[in-house]
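The values are calculated or read from the model by the stated rules, or taken from the named source; none is laboratory data. Only a predicted model underlies this, so the values are computations on that prediction, with no experimental measurement involved. Cβ coordinates were reconstructed from backbone atoms using ideal geometry, including for glycine residues, and neighbour counts include every protein chain displayed.
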Amino acid sequence: MSVRIVAAIAGLALAAAPPCPATAGTSEEPPSGAAAIRARYAKFEHRVPMRDGTRLFTVVYAPNDASESRRYPILMERTPYSAGPYGADRYRDWLAPEELEDEGFIFVWQDVRGRYMSEGTFVDLRPRAAAGSGAAIDETTDTYDTIEWLLRNVPHHNGKVGLAGLSYPGFYASVGAIDSHPALVAVSPQAPIADWFWDDMHRHGAFNLALAFTFFSSFGTPRPEPTEEQAGGVDFNTPDGYQYFLELGRLADADDRVLGRDIPFWNDLAAHPNYDEFWKARDVLPHLRGIKCAVLTVGGWFDTEDLYGPLRTYEAIERHNPGISNSLVMGPWSHGQWLGDPGEKLGSAEFGSPTGEWFRDNVLLPFFRQHLKGEGRADVPEVLAFETGANRWRRFSEWPPTHGSKRTLYFADRGGLDWQPPTATGVAFDEYVSDPAKPVPYTAEIVAGWSKNHMTEDQRFAARRPDVLVYRTAPLDDDVIVAGPLEVELWVSTTGQDADFVVKLIDEYPGEPRGLSAEETKKYPGHRQMLVRGEPFRGRFRESYERPVPFVPGQPARITFRMNDILHNFQRGHRIMVQVQSTWFPFIDRNPQSWVDNIFEARPEDFVRATQRVYRSAGQSSSLTLTVLPAP
């Protein structure tokens, strides 16, 4: 992510946001920030040679009391977001969440190849080199070579190494575990990128406009020589991202015309709108093999950037590496919220306890303490997941759970959502007009860039629009606990030749109970429509993500896709709601709805209004299939 926003957006798995500016401290207050780090750690800078001779800038923070009789394990993060500040006399304001910082490790930060002060050429999501290809390099070999060097050159370590990272550094943690170095005993990929056709940049072929644009406005700038500096991002000159992106124009011209410089990966995005070999080479999941260390993968149910990554990373490691210690933690968090935030709420959604603090104290620290120091035994099950709606932690022996039952909710007439399939033999449908000139916003916030809170946001602002279909069950007689992925089947038609369909699963709260005080009434979320999961699907990919095809105007077509997993309790008295729409702007770019080979190349005249139909008859029944767990 952009360096200016990395602490708020991407985070760092070894570092929470700095609690306060660096100060020298007073006699009444302990030192904080860089002064506190300097008081406890000695900093050393190195240029570590890789097998091809490229030197990677590496910073070591060693506890001041490290000695022959007091040895510490190494805990490392490899990052594209800067290992700075640079200079042996300049210290970071933070090294890790305070739980890990207080525990004591030899903390290591490294600029990955081609970023900041490291030599070499940077490649986004560098593809895996062929195994056994001699001098070939990739992020796995760079991790291995770095560990080898650290073991030989950093004094007073105990011979054990841990690796962690969040978001992009989570990708480096994942690939660093491949063919694990013998000294690498614990790895924690947190919200790891797995494949940018599914994480961050796309959702089922639809382009994540606001996120990608903000990210690459600074991050993607070429860096010919090592430097301490990073190019600044685009200045929106407005708090209204909706209007900004509506006026942006043709996406293919954005880097030169708007950003003012050529950004290679933005050009790659524009040149590869389909799931071709370019994207397949950047899918890390098939390569997660030869892992011998313990793995703790962490993600957030409300992560707007990397939700696919942790779920699929855990799944791939489990499949390819039988018998290792491999755990998954999924909490009620936005991107990286579990590292530096109490985790009691996200937007207007409240979780009943400081879930982030609990995770750091009871899971993250014990995991590294057990595997790196041999102290205690972390009480971490195979899967630890937070059940939103009921606000409780649940333990599972597998994910997704297999002890549930598949149940299907069918779209019905008059906005109904029914557990029984339709029986009418005639053609039944609901329709709306989708106008790219007036797209449905993805958030009610006025915000530049993108909103994290939209993942739990009240959806009444959308439900009241004429271009959003709303389906809802009757009030539930019993709790309905849904776990795992959601399977969507839509029967649709359009008067255009292409269309997006956004499906949102929503928990609709009942009205306010009687007898509440005026103050209690203000706090009670009466009739709130809490977003639980939302996914767009670009209709041109309904047959294949590799080879898109247009719609035949007016002809019904079937779309099936999987929405990312949830663990949510729709409580008794609530309703399950589904909303369907064709725009979700500017989180997702606008589909022109006429046929163009590459939407990045679409011209203003290509964007047309279209009437979309969603069918709900016996032979063409639109539905959402859930896995429902028995009551615990």
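The C-beta contact set for segment 107-121 (first residue under 20 Å from residue 37 (Cα atoms) and in the same structural domain as residue 154 (by TED's automatic domain parsing), second residue outside any loop (DSSP other than H, G, I, E, B) and among the β-branched types (Val, Ile, Thr), distance under 6 angstrom, 6+ apart or interchain) comprises 108/60; 108/74; 109/59; 110/58.
Residues in segment 377-401 that are at pLDDT 95 or above and part of a loop (DSSP other than H, G, I, E, B): 381, 382, 389, 390, 391, 397, 398, 399, 400, 401. Pairs linking a residue in segment 225-237 that is over 22 Å from residue 57 (Cα atoms) to a residue that is in a loop (DSSP other than H, G, I, E, B) and modelled with pLDDT under 90, with Cβ atoms under 7 Å and 6 or more positions apart or on different chains, are 233/2; 234/258; 234/259; 236/448. All conditions but one from (1) modelled with pLDDT of 95 or more; (2) assigned by TED's automatic domain parsing to the domain that holds residue 288; (3) more than 11 Å from the chain's Cα centre (by Cα) apply to residue 205; the one that does not is (2). Restricted to segment 462-502, and to residues there that are among the hydroxyl-bearing types (Ser, Thr, Tyr) and in a strand (DSSP E or B), the residue that is surrounded by the fewest Cβ atoms within 10 Å (Cβ to Cβ) is 493. Count of segment 175-224 residues, restricted to those that are farther than 30 Å from residue 327 by Cα and either free of Cβ contacts under 8 Å to residues at least 24 places away in the same chain or assigned to a loop (DSSP other than H, G, I, E, B) (or both), is 5.
Which residue, of 570, 537, is more than 30 Å from residue 596 (Cα to Cα), crowded, with 18+ Cβ neighbours inside 10 Å and aromatic (Phe, Trp, Tyr)? If you could, list the steps in order and put the result at the bottom.
Working: 537 fails: more than 30 Å from residue 596 (Cα to Cα).
Unique residue meeting the criteria: 570.
Of 173, 254, 183, all but one fail to be under 24 Å from the mean Cα position of the chain (by Cα) and either aliphatic (A, V, I, L, M) or at pLDDT 95 or above (or both); the exception is 173. Residue 631 fulfils the conditions (1) touching a Pro at 6+ places or on another chain (Cβ under 9 Å); (2) more than 30 Å from residue 281 (Cβ to Cβ) except for a single criterion, (1). Can you name the number of the only condition in (1) within 28 Å of residue 56 (Cα to Cα); (2) crowded, with 22+ Cβ neighbours inside 10 Å that residue 208 fails? Here residue 208 clears every test but (1).
Mind listing whichever residues of segment 402-424 are in a strand (DSSP E or B) and among the small types (Gly, Ala, Ser)? Within segment 402-424, 405, 416 meet the criteria. Do we have residue 501 as closer than 22 Å to residue 415 by Cα, modelled with pLDDT of 95 or more and in the same structural domain as residue 410 (by TED's automatic domain parsing) here? When the stated conditions are applied, residue 501 passes them.
Restricting the search to segment 370-385, which residues are among the hydrophobic types (A, V, I, L, M, F, W, C) and free of Cβ contacts under 8 Å to residues at least 24 places away in the same chain? Before the answer, list the steps.
Of all residues in segment 370-385, those among the hydrophobic types (A, V, I, L, M, F, W, C) come to 372, 378, 380, 383-385.
Across segment 370-385, the qualifying residue is only 378.
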